[in-house]
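Shown next, in structure tokens, is the structure this report addresses.
The values are calculated or read from the model by the stated rules, or taken from the named source; none is laboratory data. This one's a predicted model, so the numbers in the text were calculated from it and none came from an experiment. With ideal geometry, Cβ positions are generated from the backbone for all residues, glycine too; neighbour counts draw on all protein chains shown.
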Amino acid sequence: MKRKALIVGGGPAGISAALYVLRAGFNATVIYSGSGALEKAEKIENYYGFPGGISGAELLEAGRGQARELGAELICAEATGLSWDGQFALQTTEGVLRGDAVILATGTARKRPAIENFSKFDGMGVSWCASCDGFFCRGKQAAVLGAETYAISEAKELLPLAAKVTLLTDGADAPEVLPDGISVDTRKITALEGGELMEAVVFSDGEKMAADRLFVALGTAGGAELALKAGAVMDGGAPLVDGNFQTTIPGLFAAGDCLGAPFQVWSAVAQGSAAGTSAAKFLRDMK
Ligand SMILES: Cc1cc2nc3c(=O)[nH]c(=O)nc-3n(C[C@H](O)[C@H](O)[C@H](O)COP(=O)(O)OP(=O)(O)OC[C@H]3O[C@@H](n4cnc5c(N)ncnc54)[C@H](O)[C@@H]3O)c2cc1C
């Protein structure tokens, strides 16, 4: 069987990576959900080859069509977790997908929530990865910040460990369906409190809720969150990559806006192509 790369992200970085993996003779599965930056761009006028400009949506579809023609498998699903057990296992809303290499091309990292003392407790109670830090919550009070599929998936990981798991939606509606054992609180959060370590979440009505850990899971998991789950070293808010766009985990690559500036189509295409080339070399050299 042909070796396979899983690519998270169907924007210019992910699709360019897929083109290079496919043209090197390997399989590529692209997983994407929701809209990325390119579909929001009304007109791209600074990209090579389009003198009159082209809409982001058109450019995106042209790339996806090109990848499909080459044999890429495109799956509409949200990636929520990543682990390695001899092969990469990507947890998604459509089940677990397995691959020999993974390229993260998830677009811009999310903003940090505007909650007082959030930065003070980042790493001192605030956490970005349930599978990495859930163990520290054994028998303790865990809170998860978020209201969507990814937040529920993080909360589920904490259930067997923490004494209590509460989903904090920070003003958003509660999810319609919640697994047993997870509580929900929809009040707006104003601050985090504690001494050296975080001890409580403060709501806009002044009430406090004891919490030893706050797991941030807003929107969907980005490249940073997925890389963290696989055990990769971070560089600020993004996965640390070498000159071949490989993270500190062999076979795990990252490219495009999820690595930071310059947030342009050319850089996403260039980094995606380089990551795809490196992933193909990794697949070729595998024992
Ligand atoms: C309004 C606007 C105008 C712009 N104008 C220009 C311009 O004129 N020129 C220019 O060069 N650049 C422009 N840009 C920037 C450009 O669009 C981005 O730099 C480029 O799209 C980045 O490509 P990317 O593949 O890294 O990320 P994106 O295009 O953001 O794609 C990310 C992909 O990852 C997927 N994804 C994320 N998380 C998950 C998950 N957990 N599971 C599954 N899928 C996931 C998303 O659905 C998406 O398919 C503009 C951006 C915006 C928003």
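For region 251-274, the criterion of being away from the ligand (no atom under 16 Å from the Cβ) and of a type in the set (D, E, K, R) is met by none of the residues. Quick check, is Ala174 outside the structural domain of Leu19 (by TED's automatic domain parsing), more than 30 Å from Glu61 (Cβ to Cβ), over 24 Å from the mean Cα position of the chain (by Cα) and of a type in the set (A, V, I, L, M, F, W, C)? So Ala174 does not fit the description; no. When residues in region 1-20 are screened for being among the hydrophobic types (A, V, I, L, M, F, W, C) and either modelled with pLDDT under 95 or within 6 Å of the ligand (Cβ to nearest atom) (or both), 3 of them pass. If we scan region 21-43, do we find a residue that is within 13 Å of the ligand (Cβ to nearest atom), among the aromatic types (Phe, Trp, Tyr) and within 13 Å of Ala105 (Cα to Cα)? So far as region 21-43 goes, yes, one or more of its residues are within 13 Å of the ligand (Cβ to nearest atom), among the aromatic types (Phe, Trp, Tyr) and within 13 Å of Ala105 (Cα to Cα).
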